[in-house]
1. Any idea of the accessible area per residue across the chain, 1.4 Å probe, to the nearest Å²?
2. On a 0 to 90 degree scale, rounded to 10, what angle separates helix 3-56 from the longest Cα axis of the chain?
3. Need one number: nm distance between label points at residue 16 and residue 558, each 7 Å from Cα along Cα→Cβ, rounded to one decimal.
4. Would you list the P(r) distribution for segment 212-354, with all Cα-Cα distances sorted into 5 Å bins from 0 and each bin expressed as a whole %?
5. Helix 272-363 versus the longest principal axis of the chain: what angle, 0 to 90°, nearest 10, using Cα atoms?
6. Once the whole set of protein chains is in place, how much accessible area is left on residue 544, using a 1.4 Å probe, in Å² to the nearest 10?
7. For residue 534, give me every one of the aspartates and glutamates with a C-alpha distance below 16 angstrom, ignoring sequence neighbours fewer than eight places off in its own chain.
8. From the helices alone, meaning DSSP H stretches of at least four residues, give me the mean residue ellipticity at 222 nm for the chain, per-run term -39500 (n - 2.57), in deg cm²/dmol to the nearest 500.
Amino acid sequence: MSVRTLAFLLVIAQALLAGAIYRSVDAMGERATQRLAEDRLSLLSDTLQSTIDRFVAVPDIVGESRSIAGLLLAPTDPEARSRANAALERATREVGLAALYVLDDKGKALAASNWREPTSFVGHDYAFRPYFTQAMQNGRGRYYGVGVTTGQAGYFLSSRVRLDEGVSGVVVAKVDFTPLLESWTSGREHVLVSDADGIVFLSTDPALQYRPLGRLDAARSAEIRRELRYSNLSLEPVIGTDDWPAGQRATRIIDGTAWRMSVVTPWVGKGWAPAGAAALAVMASLVLILVLVTLRQRRARLAAERAAYLELEGRVQARTKDLAGALERLETEITERQRIDGELHRARDELVQAAKLAAMGKAFSGLAHEINQPLAALRTYLSSLRLLITRGAETDALANITVMEGAVQRLAGLTGDLRRLARRSDETSETIDLGDIARRVAELMKYRFADYGVALELDAPQGITLSGNANRLEQVVLNLVLNALDAVANAEDARVAVRVFKEDDRARLSVTDHGPGVPETERGRLFEPFFTTKEDGVGLGLAISYAIVREHGGTLEYERSGAGETRFLVSLPLSGDGKSPDTTPEQH
Ligand code: ADP
């Protein structure tokens with residue numbers, strides 16, 4: 001269903017709801033007003049009734065008094081009259097009547113409560129008044145009308161007095177409804193009381209007073225005028241439907257009279273009240289709809305959030321899987337890398353070995369001559385030994401043998417050194433004496449130095465020990481000494497100095513020569529692999545040495561002094577307390 005259709009249906013529903021609420025509240029108001037009107041009517045009619053009842057017995061009682069009887073018996077006696085006047089005046093005051101008076105059997109007023117006033121009834125003829133004729137005929141009369149003498153309206157209650165002496169008269173009490181009407185006027189409702197002819201004589205709305213509820217026929221109209229019921233008022237116009245005050249009307253006959261009382265109560269719950277209720281209901285339903293819509297939206301939002309959460313979770317899972325895959329690939333790569341590393345390591349070892357053999361080749365180039373010498377000596381001594389034995393010169397033969405043993409010893413030492421150096425170095429670490437290493441290298445190199453006519457100065461005290469691989473460190477020293485020899489090979493008075501010493505708590509080994517050194521421009525590349533300035537150079541010696549020293553936690557530095565000295569300085573951490581290791585030095 002589209003939003004527009006929904007809104008349209010909503011508006012229709014709201015209108016229907018408003019209509020229904022309006023109607024039911026309106027009906028409720030009407031019923032309440034009706035009940036109220038009936039209630040008010042019975043209350044107000046009771047007050048009218050009780051007002052009348054209060055005075056109903058008054059004329060009878062007054063008629064029985066002696067002063068009234070005395071007056072009727074002697075109507076012309078001024079004494080009797082003034083007594084009656086006084087009695088009537090007193091009674092009127094005490095009971096709260098408008099007036100009280102006595103008529104003779106011809107309808108003429110003999111005495112009255114208002115005898116002192118200019119509007120006194122005394123002497124007036126009221127024979128035309130229905131209350132006189134009714135009383136004379138039936139013993140009592142009831143009549144509402146406007147006073148002919150005073151001009152004031154009132155309710156006349158009359159009673160016939162019949163004396164044993166055959167004299168009769170009528171006592172009349174006039175009740176004033178003005179206070180009653182005033183009390184009604186102060187109320188919220190309108191009150192109308194009409195007489196037997198339908199003429200309104202009491203009305204809280206003055207505009208309706210003395211107007212008939214319906215059209216009077218001519219005969220009734222003439223009769224009313226004759227008896228001067230409402231003096232000479234016009235009694236017009238007729239009260240139309242529109243003249244009635246707005247509200248709920250309730251009507252009833254007042255007991256004991258031919259009067260009709262109508263009470264008009266203003267509408268309860270007409271107009272604004274049901275409209276307000278309808279508006280309130282619409283508003284309430286709108287609020288309800290709003291709440292429902294909000295709740296629905298909230299639910300939708302929660303569902304959307306949950307969906308988003310699930311999607312995110314899915315993504316996280318997928319991502320985790322990706323990561324796991326990536327991790328696996330990384331592991332494979334690491335394994336591969338390790339394999340390549342291993343290969344590199346092996347290749348590097350091969351290179352190191354090759355470089356070492358190359359260095360050894362150089363180192364031993366003078367060696368053949370050194371071996372030949374003891375061999376030639378041995379050969380000579382052997383032939384002379386054979387001769388001495390043949391001659392029996394035993395002592396000389398023994399001396400020859402001693403010399404030969406020396407030569408053999410020397411050869412054995414040389415081959416031992418060669419074997420040890422050519423050995424492929426392993427990764428083992430031991431306590432080594434740096435001085436021993438320097439000495440062994442010097443021993444190996446002495447023939448080559450001799451060949452080149454270069455002096456090798458060695459200052460290598462024992463006892464400077466460190467932890468490391470002797471074979472590898474020997475290779476470092478061999479490389480440095482060979483480079484130094486190359487640097488000074490063709491110089492005059494050439495010499496290379498190898499020194500082992502301790503400085504700043506580190507083991508140091510320096511190789512110094514007086515050669516040309518490394519050109520300033522090439523200094524940065526000195527330790528790079530394959531950097532060489534020699535025709536037959538490989539360029540690996542320094543790079544490998546640098547790496548070996550680093551592996552031992554040390555440094556390899558190149559220095560050039562102002563005095564034209566080239567110095568390569570190896571610094572290595574001392575082992576333990578730096579004392580000499582407890583090992584037997586190898587034989588040379
Ligand atoms: P190679 O000796 O095979 O050239 P090295 O790595 O041992 O390889 O030496 C690299 C280069 O460093 C040499 O070619 C040389 O130019 C320079 N060099 C090394 N030691 C010295 C030195 N003592 N005096 C002058 N130059 C040196």
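The values are calculated or read from the model by the stated rules, or taken from the named source; none is laboratory data. What you see is a predicted model; the values in this text were computed from it and never measured. We place every Cβ from the backbone using ideal geometry, glycine too, and count neighbours over all the protein chains shown. Heavy atoms of the whole protein, side chains included, go into the accessibility calculation; ligands, DNA and RNA do not. Shrake-Rupley method; radii C 1.70, N 1.55, O 1.52, S 1.80 Å.
1. 57 Å²
2. Here the helix axis deviates by roughly 30 degrees.
3. Using points 7 Å along Cα→Cβ, the separation is 10.4 nm.
4. Computed distribution, short to long bins: 2, 6, 6, 6, 6, 6, 4, 4, 4, 4, 4, 4, 3, 3, 3, 3, 3, 3, 3, 3, 2, 2, 2, 2, 2, 2, 2, 2, 1, 1, 1, 1, 0, 0.
5. Between helix and principal axis, roughly 0 degrees.
6. 20 Å²
7. 486, 522
8. The helix-only estimate for the chain comes to -18500 deg cm²/dmol at 222 nm.
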